[in-house]
Protein chains: 2
Amino acid sequence: MGLEMAPVEAERSPEQPELQIYPLCRYYFGARDARPCAGETAADRALRLKANFAARGLRTCVHGVLLVELSGHPHVLLLQVRNSSFLLPGGRLRPAEQDVQGLKRKLSSKLAAADPNGDHHWQIGECIGMWWRSEFEARPVPYPPPSTRAPKECVKLFLVRLPMARQFVVPRNLKLLAVPLSQIHDNAQVYGPIISGIPNLLSKFSFNVVRN
Amino acid sequence: MGLEMAPVEAERSPEQPELQIYPLCRYYFGARDARPCAGETAADRALRLKANFAARGLRTCVHGVLLVELSGHPHVLLLQVRNSSFLLPGGRLRPAEQDVQGLKRKLSSKLAAADPNGDHHWQIGECIGMWWRSEFEARPVPYPPPSTRAPKECVKLFLVRLPMARQFVVPRNLKLLAVPLSQIHDNAQVYGPIISGIPNLLSKFSFNVVRN
């Protein structure tokens, strides 16, 4: 049947926002020295977060969603720590730091060669989602928690538009993996609630795989 | 502590898109005669969908996400059929019908007084998400299924911006309910995968509750 091979893109409305993605083979992946690891216990971390909240209020984290193509399907770049938990590249903003500026700093520290003066030309796109924690140990939810108490943490996800080629240099204690949307979707058990919701957040985009 | 009552909105970035929502009490809810119900069996439906796909290809459905405020928290308007399944207002496009035009027709048929000539002034906003079914009985996924076979169904979700007051007139065989985001989120067992993902899709918006 002729319909069997019809390209899916043709069915999308002209008003769908388009997202260019490039094949994984366009990118070079290297390693550099491990970043010093705090090695703090869960109890120490809880105390630190509580003290920081008392001093500075809401903790804001910014994360980047970086996409590449493999086998015709979009993949998200995730960092893996010690063969266990998966993370999006990003991290906590400094006090008074702007979202975009902080995310560029965090992307450079986790995905680029160690060069304190380097401008790594990250192209930060729109915020695609936000999650909130009512308490530091609470499960995050994608809306401000309906309570009169101030939330403790806000996590913002930004689309990062990759150029057609670039180099990623990752600290040796982290692994950078390209994981298909189909594996992440609805798989909170492995990837956690925030990452497993990314395919849903990206579903309004029409992916345009650029091969040339 | 002063922080406990700090408004959440103040923490959002200025570039967050804003969404005006109005209190539920601004809207009037009425009923009208039940719409004739097909009463077809699951087997009949499967045959009908298969025949339609052979004749016309991909089935496209458009659904509206309508929001109101209650107790300071956004609620989504859902239709309930026979005290069981929950639906977003919307439905299938006719052949060659445009998304926005089809959604307006469907919203009028399910949420407005029966008036074939009435223009019910639905303000259709952006598409916030799309889901695909590789087979009619398959669980939908928020990306084109990574296979060479053409998908059978595409479901598009559009934000519908409500005016500060309006009347909803619902057929008697349907119930219109306002369900809080906190109840829908991550509750695919009750609301299904598409509706339970709506809070995530809306999380990038800053909700502005207009009371005056």
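The values are calculated or read from the model by the stated rules, or taken from the named source; none is laboratory data. Please read these numbers as outputs of a predicted model, since none were measured by experiment. Positions of Cβ are backbone-derived with ideal geometry, glycine not excepted, and every protein chain shown enters the neighbour counts.
With the condition kept exactly as written, say whether any residue in the range A:123-132 is of a type in the set (S, T, N, Q) and surrounded by 17 or more Cβ atoms within 10 Å (Cβ to Cβ).
No.
Given the options A:182, A:147, name the one that is part of a loop (DSSP other than H, G, I, E, B) and either at positive phi or of a type in the set (Ser, Thr, Tyr) (or both).
A:147
Residues to consider are A:114, A:96, A:46; find the one that is among the hydrophobic types (A, V, I, L, M, F, W, C), more than 30 Å from residue A:207 (Cβ to Cβ) and touching a strand residue (DSSP E or B) at 6+ places or on another chain (Cβ under 7 Å).
Answer to the check: A:114.
Looking only at the range A:15-59, filter to residues that are within 14 Å of chain B (Cβ to nearest Cβ) and within 30 Å of residue A:164 (Cα to Cα); which one of those is surrounded by the most Cβ atoms within 10 Å (Cβ to Cβ)?
Looking at residues that are within 14 Å of chain B (Cβ to nearest Cβ) and within 30 Å of residue A:164 (Cα to Cα), I get A:21.
Let me spell it out: the conditions are (1) surrounded by fewer than 17 Cβ atoms within 10 Å (Cβ to Cβ); (2) more than 21 Å from residue A:155 (Cβ to Cβ), and residue A:206 meets all of them except one. Which number is the exception?
Every condition holds for residue A:206 apart from (1).
So which of A:34, A:54, A:42, A:46 is touching a Pro at 6+ places or on another chain (Cβ under 6 Å) and of a type in the set (A, V, I, L, M, F, W, C)?
That would be A:34, the only listed residue that is touching a Pro at 6+ places or on another chain (Cβ under 6 Å) and of a type in the set (A, V, I, L, M, F, W, C).
For the range A:106-122, which residues satisfy the criterion of being polar (S, T, N, Q) and either assigned to a loop (DSSP other than H, G, I, E, B) or exposed (fewer than 15 other Cβ atoms within 10 Å of the Cβ) (or both)?
Result: A:117, single match.
If I ask for residues that are at the interface with chain B (Cβ under 9 Å from one of its Cβ atoms), in contact (Cβ under 8 Å) with a residue 40 or more places away in the chain and closer than 25 Å to residue A:22 by Cβ, which ones from the range A:168-193 would you list? Spell out the reasoning first.
So the first thing to find is which residues in the range A:168-193 are at the interface with chain B (Cβ under 9 Å from one of its Cβ atoms), and the list is A:180-182, A:185-186, A:188, A:193.
Next, from what is left, pick out any that are in contact (Cβ under 8 Å) with a residue 40 or more places away in the chain: A:180-182, A:193.
Those that are at the interface with chain B (Cβ under 9 Å from one of its Cβ atoms), in contact (Cβ under 8 Å) with a residue 40 or more places away in the chain and closer than 25 Å to residue A:22 by Cβ: A:180, A:181, A:182.
Answer yes if at least one residue in the range B:159-166 is at pLDDT below 95 and part of a strand (DSSP E or B), and no otherwise.
yes
Scan B:103, B:78, B:66 and give me the residue that is in contact with a strand residue (DSSP E or B) (Cβ under 7 Å, 6 or more places away or on another chain) and assigned to a helix (DSSP H, G or I).
Exactly one residue qualifies, and that residue is B:103.
Of all residues in the range A:194-211 being closer than 18 Å to residue A:71 by Cβ and at pLDDT below 95, which is nearest to the other protein chains (Cβ to nearest Cβ)?
Filtering first and then ranking leaves A:207.
Determine whether residue A:31 is outside any strand (DSSP E or B) and of a type in the set (Gly, Ala, Ser). Spell out how you get there, then give the answer.
On the way: outside any strand (DSSP E or B): no; of a type in the set (Gly, Ala, Ser): yes.
No; evaluated as a whole, the condition is false for this residue.
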